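Presented below is the structure to which this report refers.
The values are calculated or read from the model by the stated rules, or taken from the named source; none is laboratory data. Quantities reported herein were computed from a predicted structural model and do not represent experimental measurements. Methodologically, a virtual Cβ is constructed for each residue, glycine included, from the backbone with ideal geometry; neighbour enumeration extends over all protein chains shown. With ligands, DNA and RNA removed, areas are computed over all heavy atoms of the protein, side chains included. Shrake-Rupley method; radii C 1.70, N 1.55, O 1.52, S 1.80 Å.
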Amino acid sequence: MGIVAVLGRGVVPADAPLLTADDLGVLRGDGVFETVHVRDGVPWNLTEHLDRMRRSAERMELPLPSHDALRELAGQALAARGEGGEAALRLICTRGREFGDTPTVYATLNPIAVNLPEVRRDGVRLMPANIGYPVHPEDVRAGAPWLLGAVKTLSYAINMAGQRAAKAAGYDDLLWVSADGWAMEASTASLMWIDGGVLCTVPPSKTSILPGTTSAFLMANAAALGLRAEERMIRPEELHGVDGGVWVASSVRGVAPVVALGETRFAVGERNADVLKLAGFPVAD
Ligand SMILES: Cc1ncc(COP(=O)(O)O)c(C=O)c1O
C-alpha cells in the first residue's frame with residue numbers, strides 16, 4: 001500500500017479511515033484530482049498541475065485549498081517516502097460530506113505500474129471510439145458548461161469504461177473520436193504527432209479535451225528538437241499519413257508511441273527516442 005497524507009492531519013496509516021460514507025466524492029464523483037509524476041523524488045510540473053486543479057475546481061465551484069497548502073500536503077507524502085525514483089502522486093479534493101461545506105482533501109503516493117518502461121518503449125495500440133458528440137466547428141461542451149469539458153473531475157467512470165472496452169477488443173487504450181470524426185484524446189492521455197517538422201496536438205480550446213501538462217511541456221520545448229509546435233485538428237484516418245510519428249502523452253505513463261490505430265499499424269516515428277528524452281524518459285533497451 002502507498003502513502004496517504006490528509007490536509008490538516010499529515011501522513012496517516014494507509015488504511016486509516018479517511019472518507020465518510022456520505023462523501024460526495026464517493027456518492028457523486030463530485031470533486032477534482034491531479035496525478036503528478038514523481039521523478040527522483042520530486043513532483044514534475046507540480047505548478048502546472050496545481051494551476052489545472054484550480055481551473056477545474058473553479059469550473060465546479062469547489063473551494064480548493066491554496067497552492068501552498070496543497071504543496072505542503074504533497075511534501076508531507078513525499079517526505080514520508082523519503083526515496084528517489086519514480087512514483088505517482090495524486091492530489092484529491094472532493095466536495096466533502098453531503099450536508100457539509102468542507103472539502104475532503106488528501107494526497108496519495110504510489111509506485112508506478114511495473115510495465116511502464118515497456119509501454120514507453122513498445123508503444124500502444126489504440127481503438128478508435130466514438131464519444132457521441134460533435135466538436136468542430138461547434139464544440140458542444142463549450143456551450144454546455146455542465147458537461148464539464150476540460151475539467152479533471154473525479155468522475156472517471158466513463159474513461160475507465162472506455163479503457164475496458166478497448167482492452168476487451170484487444171487494444172491497449174482508445175482514441176476518442178468526436179461524432180463528426182475528429183481525433184480528440186486517449187482515455188487518460190493527450191494525442192501528439194509530428195508532421196513536416198511540426199509537433200502537433202489537438203487544441204483543447206476547440207474540443208474541450210483536457211489540456212495536458214505533458215503535451216504542453218513538449219509543445220513549449222519543441223524547439224529543442226528543431227520542431228515548431230502547433231495545435232491542429234486532425235481526423236484519425238489522417239494520422240497514418242503523418243511523417244514523424246504519433247504518440248500519447250500523460251504525466252505518469254509519459255510518452256508512448258502509437259503503433260496501431262484500429263486496423264492500421266504505424267511505424268514508430270524516427271524522432272521517438274528524441275521525444276521521449278525531451279519529456280525526460282530515457283528509452284528502455
Ligand atoms: C482525459 C485526459 N487527457 C489527457 C491527459 C494528460 O494530461 P497530463 O499530461 O497532464 O497527465 C489526462 C491525464 O490524466 C487525461 O485524463
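Worth a mention:
- Area projected by the alpha carbon convex hull of region 48-132, averaged over all directions, nm²: 8.8 nm²
- Considering only Gly2, Val26, Leu70, the residue lying farthest towards the positive end of the dipole of the chain is Gly2, judged by Cα position with unit charges set on Cβ.
- The radius of gyration of the Cα set in the chain, together with its Dmax, comes out at 18.9, 55 angstrom.
- The charge dipole of the chain, taken about its Cα centre with unit charges on the Cβ atoms of Lys, Arg (+1), Asp and Glu (-1) only, comes to about 200 debye.
- Ranking His37, His67 from most to least accessible surface, computed with a 1.4 Å probe over the protein chains only, gives His67, His37.
- Between 0 and 90°, nearest 10: helix 157-168 axis offset from the chain longest Cα axis: 50 degrees
- Cα point-scatterer Debye curve for region 116-278, base-10 log of I(q)/I(0) at q = 0.12 Å⁻¹: -0.47
- Percent of beta bridges antiparallel (DSSP, region 116-278, rounded to nearest 5): 60 percent
- DSSP-defined beta bridges in region 47-177 - what % are antiparallel, rounded to 5: 60 percent
- In units of the rule-of-thumb radius 2.2 N^0.38 Å, region 47-89 shows an alpha carbon radius of gyration of 1.34.
- When the P(r) of region 3-110 is calculated, the portion above 24 Å amounts to 19% of the C-alpha pairs.
- Computed about the Cα centre, the dipole magnitude for region 138-272 is approximately 400 debye when only Lys and Arg (+1) and Asp and Glu (-1) carry charge, each at its Cβ.
- Ordered by solvent-accessible area of protein heavy atoms (1.4 Å probe), largest first, the residues Val202, Val42, Val114 come out as Val114, Val42, Val202.
- Taking every C-alpha pair closer than 8 Å and separated by at least 6 residues, the mean separation divided by the residue count of region 3-110 gives a relative contact order of 40 percent.
- Computed from point charges on the beta carbon alone (+1 for Lys and Arg, -1 for Asp and Glu), the dipole magnitude for region 3-110 about its Cα centre is near 80 Debye.
- Less than 5 angstrom separates the built amide H of Trp247 from those of Met192, Trp193, Val258, all sequence-distant by 5 or more or on a different chain.
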